[in-house]
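Notes to accompany the following structure.
The values are calculated or read from the model by the stated rules, or taken from the named source; none is laboratory data. Keep in mind the model is a prediction, meaning the values are calculated, not measured. All Cβ positions, even for glycine, are placed from backbone atoms using ideal geometry, and neighbour counts span all protein chains on display. What goes into the accessible areas is simple: the full protein's heavy atoms, side chains included, and nothing from ligands, DNA or RNA. Shrake-Rupley method; radii C 1.70, N 1.55, O 1.52, S 1.80 Å.
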Amino acid sequence: MKMIARTQVPVTALLGRDLNKAVGKDGFDASRKMTVGWARYSKKSGIMEPHQHAEELLYILDAKNAWIRFGPAKDKLGERVPFVPGTMTHFPEMEWHVFEYTEDGYADLIFFYGQVDNIRPEDSKK
């Protein structure tokens, strides 16, 4: 067994988010079955583009002036759905979504994928 603190896990800066990949392929602790970690979404990381990928579950730790939009296509995202601390958000496989926030907004969460390969469409091209 391993206990993992967020402060132990290096930050991976991606457009629109900073990740601490705790468990999974290339994670702090290796797994061949799942990908789990922490993420912070804020303006500091830049503006996220709408995207789609493998099935995902988010547990919202904290949020301020942040929301999700989702829909059937990149250019057909719906109304804002606020991030609510203490709730989970489940994205079906390949559903388009984007996380957005005001200038001072943010969302801190834990992300879960039930796989380690082909999480994003570009991964299957490797």
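What the table below lists for this structure:
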| item | result |
| --- | --- |
| Probe 1.4 Å, protein heavy atoms only - accessible area per residue of the chain in square angstrom | 60 |
| The range 1-59 - charge dipole about Cα centre, Lys and Arg +1 at Cβ, Asp and Glu -1, debye rounded to 20 | 180 |
| Those residues of the range 91-118 whose amide nitrogen sits under 12 Å from the label point placed on R69, 7 Å along Cα→Cβ | 97-101 |
| Amide H partners (placed H, <5 Å) of D29, local residues excluded | V23, G24 |
| Neighbourhood charge, 13 Å Cβ-Cβ cut-off, centred on Q8 and excluding it, Lys, Arg +1 and Asp, Glu -1 | +2 |
| Solvent-accessible area, 1.4 Å probe, carbon plus sulfur percent, for the range 1-91 | 57 |
| The range 24-116: equivalent-ellipsoid semi-axes (sqrt of 5 x gyration tensor eigenvalues, Cα, Å) | 22, 17, 12 |
| Per-residue HN-Hα couplings for the range 53-61 [Karplus 6.51, -1.76, 1.60; θ = phi - 60°; Hz; x = Gly/Pro] | 6, 4, 3, 9, 10, 10, 10, 7, 7 |
| Farthest positive-ward along the chain dipole, Cα basis, beta-carbon charges - from L15, V36, V81 | V36 |
| Pairs from K2/K25; K21/K64; K43/K64; K2/K33 whose Cα-Cα separation, in the structure shown, is over 20 Å | K21/K64 |
| Nearest-20 debye value, the range 1-124 charge dipole, Cβ charges on Lys, Arg, Asp, Glu | 280 |
